[in-house]
Amino acid sequence: MSDHDPDPMLEHLGALPAHDLPPRDVERLRARAHGELRRSDRRSRSWAGRLYRRVEPFATGALAASYLAWALSVVVP
Amino acid sequence: MRLSRAPPGGVVAPVEAVFERELLARLRRGDEGAFDLLYDAYRPRVFSFLVRLSKRRELAEELVQETFLRLARRAEGLAEDTVLRAWLFTVARNLYVSHLRATMLENERIDQLTLEEAGAMPSPFEAAAASETQATLERALGRLPAPQREAVLLVAVEGLEPAEAARIVGIEAEALRQRLSRGRALLRAALAEEDHPEAPAAPGRPRAGRGTGGPR
């Protein structure tokens, strides 16, 4: 923002109030979000979730390497 | 700075960076208390940004809900260096842009994927303004072309640094500064016109009561 010609009115922009959702919607959304947090937490704590997190980087790397090998086999005579 | 739960109808002060990192770590572990602190701190700001950007309160309500639900769903996967304020505004802004694109595709108008507006809609906050100054500013903000309005909202209203705002919008910092400068000039002209409505408007200036059309 230019400081060459300050306008007092524009200084009030930073003071514009923040409005909010209706209180009932605030709490309803809070409850839904808590549910999402709990679901996410259950997924991460499951043995499948832990196993996936450990294996995923290696699986991704292996997949990328195999694709590269295939691509080279096609391109390189 | 200690963060306290917002009083009914009140707004919590912005969270300091250090405290926010601690909250982020707790949030990544699924801590509901950490989510609540961030939710109460940023919900009004993100909602207000969306209302002023879209000029549609109902749409902003939907988008702010989706923004925070995504935060909850993706909390565990957030990077350790995530800046939550930027993350929230980025997600909120992108949800709005996606909505616009979907609307334009439905209307078979895919000519330009910019922030278009459907005519000169008044700002939903203008009627709720506590003073004439606020009402005047809300009205002038609402008349800005969407790209300039977005830049002014992020930097002048929300207090983000131009570089941070540029990352949120997905453009170069210099481009954001140009939008900001243009938006400020248009605001100044609009406010001057409010003071002197009988003066003819200069070319390119938004005139009171008329839409500003597409982005500039």
Notebook entry, point to check: So what is log10(I(q)/I(0)) for the range B:36-90 at q = 0.14, 0.18, 0.32 1/Å, when the Debye sum runs over its Cα atoms only?
Noted result: -0.36, -0.58, -1.37
Note to self: How large is log10 of I(q)/I(0) for the range B:136-195 at q = 0.13, 0.14, 0.24 Å⁻¹ when the intensity is taken from the Debye formula with one equal scatterer per alpha-carbon?
What the structure shows: -0.30, -0.34, -0.88
Next item on the list: Kindly tabulate the residues in the range B:172-193 with an accessible-area decrease of at least 40 Å² between the chain alone and the assembly of all protein chains, using a probe of 1.4 Å.
Entry: B:R184, B:R188, B:L191
Next item on the list: Would you calculate the separation in nanometres between label points at B:F19 and B:L78, each defined as 7 Å from the Cα along the Cα-to-beta-carbon direction?
Entry: 1.5 nm
Item checked: Solvent-accessible area buried by B and A, counting both chains, probe 1.4 angstrom, square angstrom -> 3600 Å²
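The values are calculated or read from the model by the stated rules, or taken from the named source; none is laboratory data. Since this is a predicted model, take the numbers as computed values, not measurements. Counting neighbours? That spans all protein chains shown, and the Cβs are built from the backbone with ideal geometry, glycine included. The protein model used for the area step is the full one, side chains on, heavy atoms only, and it has no ligands, DNA or RNA in it. Shrake-Rupley method; radii C 1.70, N 1.55, O 1.52, S 1.80 Å.
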